[in-house]
Amino acid sequence: MNRIRRFIEESWSELKKVTWPTREQVRNLTVLVFIISGAVGVYIAVFDIIFDQALGFVVRL
């Protein structure tokens, strides 16, 4: 039981040392993740269409 209590106390002590992001930082980083995810999605979609068209052209030959 002492080991569990010590673990919890040490974990709580470490959590007090964490620098938590502000609400504005969280919002900005969330928007950034959405923008980058959208850009990567468009990038993959464009290359998927290009390769699909190229493969379709090769198969028809």
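Would you mind checking the tilt of helix 23-60 against the longest principal axis of the Cα atoms of the chain, expressed as 0 to 90 degrees and rounded to 10?
30 degrees
Under 1.5 on a/c is rounded, so check that first for the chain, then, if it is not, pick prolate when a/b is larger than b/c and oblate when it is not; a ≥ b ≥ c are the square roots of the alpha carbon gyration tensor eigenvalues.
Judged from the Cα gyration tensor, the chain comes out oblate (a/c at least 1.5, b/c at or above a/b).
Read-outs throughout are calculated quantities, based only on the coordinates presented, and are distinct from any laboratory measurement. All values reported here derive from a predicted model rather than from experimental measurement.
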